[in-house]
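Scroll down for the structure; my scribbles are underneath it.
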Amino acid sequence: MIATHHMTMQLEAGGQTVTILEDVTVQIPEKQTVAIVGPSGSGKSTLLGLIAGLDRPTSGTIWLNGVEITALGEKAMARLRLANVGYIFQSFHLIPTLTALENVSIPLELAGDRHARQRADELLRAVGLGHRVSHYPVQLSGGEQQRVAVARAFACRPPILLADEPTGNLDSSTGQQVIELIMALHRDAGTTLVLVTHDQQLAASMERVITIRDGKIASDQFTALQQSESAHQL
Ligand SMILES: Nc1ncnc2c1ncn2[C@@H]1O[C@H](COP(=O)(O)OP(=O)(O)O)[C@@H](O)[C@H]1O
Ligand SMILES: [Mg+2]
C-alpha cells in the first residue's frame, strides 16, 4: 500500500515560494496498476519522486507498506527504498561506465545478494538481453537500455514499481515491448505499478487513472478494465 496524507511540496525559486504539489492525499492498494496523467509541469515526476523517497515533502506524510517514510532518516530511507521500490526513468539513467550486467548487479550487491552476478544474468536473459550482458549503455539501443533499466528496477523483486514516462524516449513498437515486459513482471510478481504517461491508450490499460493538474489531483477514476475485472469477480 502506498499512501500520502495531505502532502504538499514547495520549492524556493528566485526568492519566491513555488507550490509544486498541494494537499495530495491518495491511497494505492497492493497490486493495483495506476496511470498518472496530466499536463507537462503539473507535478507528476515530483509526486513519483516523493513516493519513492527520492525527495521529501514540505508537509504531510507518506507511507509505504505501513512505514511512514517521511519519518525516516536517510539511511533507513535508502534501505527501505532498496527493498520496496523499483524506479524506471524516461531517460534510462544507466551508469555509463558499467556494463549491462554490472548495472543490474548493483542493487543486488547493495542488498547483500551473494549471487548478484548470476541473478543479474538471469534477469537480463528474462528481458531478452542474454546476448548483451557485456555491452555498455552506449553500445545499446534505447529500447535495450530501457530493458536493462527494467531488469535493474525488478532486481530485488520490489513490491512497488514506479515508472516515469518509461516509453517517452522510445518509438512506439519498442515502447510497446517495454510495456509488455513491465506488465508481465507486474502479473508474475503482483507488483504495484504506478506509471506516468502521456499515452492515452497506455493510461487506459491501467486499472486506475489519476489526473494531476497544477499540483492537485484533478480526477481519480477507475477504468473500464477495473470495472470489468471486478464484475468478473462477482
Ligand atoms: N528543483 C526544482 N526547482 C524549481 N522548480 C521545480 C523543480 N523541480 C520541478 N520544478 C517545477 O515543478 C513543476 C512540476 O514539475 P514536474 O513534477 O517535473 O512536472 P511533470 O513531471 O508533471 O512534467 C514544474 O513547474 C517544474 O518547473
Ligand atoms: Mg515529468
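Rolled with a 1.4 Å probe across the full set of protein chains, the surface gives residue 31 an accessible area near 120 Å².
The heavy atoms of residue 1 present about 80 square angstrom of accessible area, all protein chains included, probe 1.4 Å.
The mean sequence distance of close C-alpha pairs (under 8 Å, at least 6 residues apart), as a share of the length of the chain, puts its relative contact order at 26 percent.
Check each of the GluC sites (Glu not before Pro) in region 1-66 and keep only those in coil by DSSP with at most 13 other C-beta atoms within 10 angstrom; list them in order.
Answer by residue number: 30.
Scanning residues 5 or more positions from residue 58 or on other chains, those with amide H under 5 Å from its amide H are 8, 9, 10, with H placed 1.01 Å from N in the peptide plane.
Per-residue Karplus couplings for region 14-21, computed as 6.51 cos²θ - 1.76 cosθ + 1.60 with θ equal to phi - 60°, are listed in order as x, x, 10, 8, 10, 8, 9, 10 Hz, Gly and Pro entered as x.
Accessible area of residue 188 (1.4 Å probe, protein heavy atoms only, ligands and nucleic acids ignored): about 130 Å².
Phi-derived couplings, Karplus 6.51 cos²θ - 1.76 cosθ + 1.60 at θ = phi - 60°, listed residue by residue for region 46-61: 4, 4, 5, x, 5, 4, 6, x, 7, 9, 10, x, 5, 8, x, 10 Hz, with x used for Gly and Pro. Straight Cα distances below 19 angstrom link residue 216 to the lysines 44, with same-chain residues fewer than 8 positions distant left out.
Computed as a quarter of the hull surface, the mean projected area of the alpha carbon convex hull for region 2-233 stands at 13.6 nm².
With helices as the sole contributors, the chain gives -11000 deg cm²/dmol at 222 nm; each DSSP H run of n ≥ 4 counts as -39500 (n - 2.57), and the sum is divided by every residue.
At a temperature of 10 °C and a viscosity of 1.306 mPa s, determine how fast region 71-134 diffuses translationally according to Stokes-Einstein, using the Kirkwood radius over alpha-carbon pairs as Rh; express D in µm²/s, rounded to the nearest whole number. Taking Rh from Cα pairs, D becomes 123 µm²/s. The reciprocal of the average 1/r between distinct C-alpha atoms defines the Kirkwood hydrodynamic radius, which for region 120-227 equals 15.0 Å.
The values are calculated or read from the model by the stated rules, or taken from the named source; none is laboratory data. Quick caveat: nothing in here was measured; it's all calculated off a predicted structure. Note that each Cβ is placed from the backbone with ideal geometry, even for glycine, and that neighbours are counted across all protein chains shown. Surface accessibility is based on the protein's heavy atoms, side chains included, excluding ligands, DNA and RNA. Shrake-Rupley method; radii C 1.70, N 1.55, O 1.52, S 1.80 Å.
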